[in-house]
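Working notes for the structure below.
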Amino acid sequence: MTSSSAAAPSTRHAPGSGGGPGRFGSPGSLGPVGLVLAGGVSVQFGGALAVTLMPRAGALGIVTLRLLASAVVLLLVCRPRLRGHSRSDWGTVIAFGIAMGAMNSLFYEAIARIPLGPAVTLEVLGPLALSVLASRRIANALWAGLALAGVFLLGGGNFGTLDPIGVVYGLGAGAMWAAYIIFSARTGRRFPQADGLALAMTVAALLALPMGTAEAGTRLLNPVTLGLGSAVAMLSSVLPYTLELLALRRLPASTFAVLMSLEPALAATAGFLVLGQALSATEVAAIALVIVASIGAVRTRVARGKAPEPVPEA
């Protein structure tokens, strides 16, 4: 997928092989839809666990642990080849890593200040905006207007009910998610399988390490913090990557993108169950509007005959 054919909200996960339309067979006991939903649940509950860890190591400390653990696992599994790549290839993978690191850092700063559901709703606006800009259709402009109405409701009309700094971080994470989509697609074309992801994750981890160390210091070395941080990495990165790569072998790309549009609802559920973050009726309606807008944008692109490719993080 190129920047001119960006998907509506896709997941923040590994670039996998494109999943063309196919029958909804069952790899293992779960079908591909079940695998994608399981991956989404894993991501959001991983985010909720990360919130509980922030008093131990801070937002940037948890981001550092997550990226480092994910990078180690991906490097061991993928064992990417370092030679034979052009300067342009390395420039692309470095840009991908910067976008990935910034997206994760901004998102974790957001969920340190505002509930998980609203944070993911704000973040999902980045991919939605990218899809609307790429489409240049009136219908998609209408979907964008619906999403903006949802954001207006989410802030109670003036964002007085949400920490404004958290809102800025959430919107920034969305912008970085859009950049992530662009560079993940370019990286996927230049590197085989998930090699580019492993290298980009390493870049992101190295960039996050100084900030995480400055914020958390020796607290990062606490065995409990290390263990729980590794659990966040497994829930938010490694497990979803695996489930989605399996699902994308059989799942139509358009269906995948629609399922990813449900992430704000999954995040709100995780926030309620794990963190006790109850949402008002207005906030629930706002999240629903953004979800409907995201699904509508995907279906509009599919109707046009340009099904969005599944471009996998935070």
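The values are calculated or read from the model by the stated rules, or taken from the named source; none is laboratory data. Just so it is clear, the structure is predicted and the values come from calculations on it, not from any experiment. Note: ideal-geometry Cβ built from the backbone for every residue, glycine included; neighbour counts use all protein chains shown. Please note that ligands, DNA and RNA were not included when accessible areas were found on the heavy atoms of the full protein model with its side chains. Shrake-Rupley method; radii C 1.70, N 1.55, O 1.52, S 1.80 Å.
A compact table of results
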item: Residues satisfying the stated conditions in the range 174-215, i.e. of a type in the set (Val, Ile, Thr) and open to solvent by 30 Å² or more (accessible area, probe 1.4 Å); result: ILE182, THR202, VAL203, THR213
item: Which numbered condition GLY174 fails, given (1) of a type in the set (Gly, Ala, Ser); (2) more than 19 Å from LEU289 (Cβ to Cβ); (3) modelled with pLDDT of 85 or more; result: (2)
item: Test for LEU106: is it touching a helix residue (DSSP H, G or I) at 6+ places or on another chain (Cβ under 7 Å) and open to solvent by 20 Å² or more (accessible area, probe 1.4 Å); result: yes
item: Scope the range 30-73; condition assigned to a helix (DSSP H, G or I), of a type outside the set (A, V, I, L, M, F, W, C) and surrounded by fewer than 21 Cβ atoms within 10 Å (Cβ to Cβ); matching residues; result: GLY34, THR52, PRO55, ARG56
item: Failed item, numbered, when LEU153 is tested on (1) open to solvent by 30 Å² or more (accessible area, probe 1.4 Å); (2) assigned to a helix (DSSP H, G or I); (3) at pLDDT 85 or above; result: (3)
item: Filtered residues of the range 216-237 (kept if in contact with a helix residue (DSSP H, G or I) (Cβ under 9 Å, 6 or more places away or on another chain) and surrounded by fewer than 20 Cβ atoms within 10 Å (Cβ to Cβ)); result: GLY217, ARG219, ASN222, VAL224, THR225, LEU226, LEU228, SER230, ALA231, MET234
item: Every pair of residues 6+ apart whose Cβ atoms lie under 6 Å, when the first sits in the range 52-71 and is at positive phi while the second is assigned to a helix (DSSP H, G or I); result: GLY58/GLU215; GLY58/ALA216
